[in-house]
Amino acid sequence: MQRDGLITIASSHTLAATIDRLIAALDARGITVFARIDHAAGAASVDMALRPTTVVIFGNPAAGTPLMQHDQRVGLDLPLKALVWEDASGQTWLTYSDPAWLAERYGLGDESKNVEARLAATLAGFATAATSP
């Protein structure tokens with residue numbers, strides 16, 4: 001588990017292609033994409049510069065509800081989000097919250113380990129589909 005609770009993966013694709021691949025992977029698994037927030041466009045709307053930075057918000061009640069049944073405060077971190085961003089050198093990255101960190105943050109305990117493990121594997125699969133060659 002990352003100390004800051006974030007998992008960051010370099011993408012082999014452009015920002016736009018990484019987002020498209022992520023959304024295609026989510027759609028293929030029947031995961032709802034609730035929103036795509038373009039922070040760079042928001043910054044531009046107030047005459048501020050920001051490198052390409054987009055959040056994709058997605059979820060599935062069947063996956064998230066069991067975690068909230070243990071502690072409803074998990075709802076602060078659900079639905080899940082992936083940040084796709086470009087660094088100063090033009091490299092695209094995908095960052096998301098580590099489910100193990102969320103479980104620790106909310107003290108979900110052993111009862112949630114199976115849900116946490118499935119969620120971690122699913123998120124890793126989406127990230128790989130979005131970022132790998």
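Only the coordinates and a few stated rules stand behind these numbers; no lab work does. Not measured: the values here are computed from a predicted model. Every residue, glycine as well, gets a Cβ built from its backbone with ideal geometry; the counts of neighbours run over all protein chains shown.
Based on DSSP H assignment, which helices of the chain show an axial Cα extent of at least 15 Å together with a mean Kyte-Doolittle hydropathy greater than or equal to 0.0? Mind showing how you got there, number by number?
Details: long enough: 15-28 (20 Å, 1.23); 113-131 (27 Å, 0.49).
Span-like helices in the chain: 15-28, 113-131.
Considering the dipole of region 17-130 built from charges on the beta carbon (Lys and Arg +1, Asp and Glu -1) around the Cα centre, which of Thr32, Trp93, Ala130 is farthest to its positive end?
With unit charges placed on the Cβ atoms, the residue in question is Thr32.
Please report the net charge: other residues with Cβ closer than 15 Å to the Cβ of Ala129, K and R +1, D and E -1.
Working: positive: Arg21, Arg29; negative: Asp20, Asp27.
Every neighbour counted, the sum reads 0.
Given the peptides 60-68, 83-91, 19-27, arrange them by the average over their residues of other C-beta atoms within 10 Å, most packed first.
Values: 60-68: 16.0, 83-91: 14.2, 19-27: 18.4.
With the highest mean Cβ count within 10 Å placed first, the list reads 19-27, 60-68, 83-91.
What FRET efficiency comes out for the pair Val46/Ala17, r = Cβ-Cβ distance, R0 = 25 Å, nearest 0.05?
Once the sixth-power term is evaluated, E becomes 0.35.
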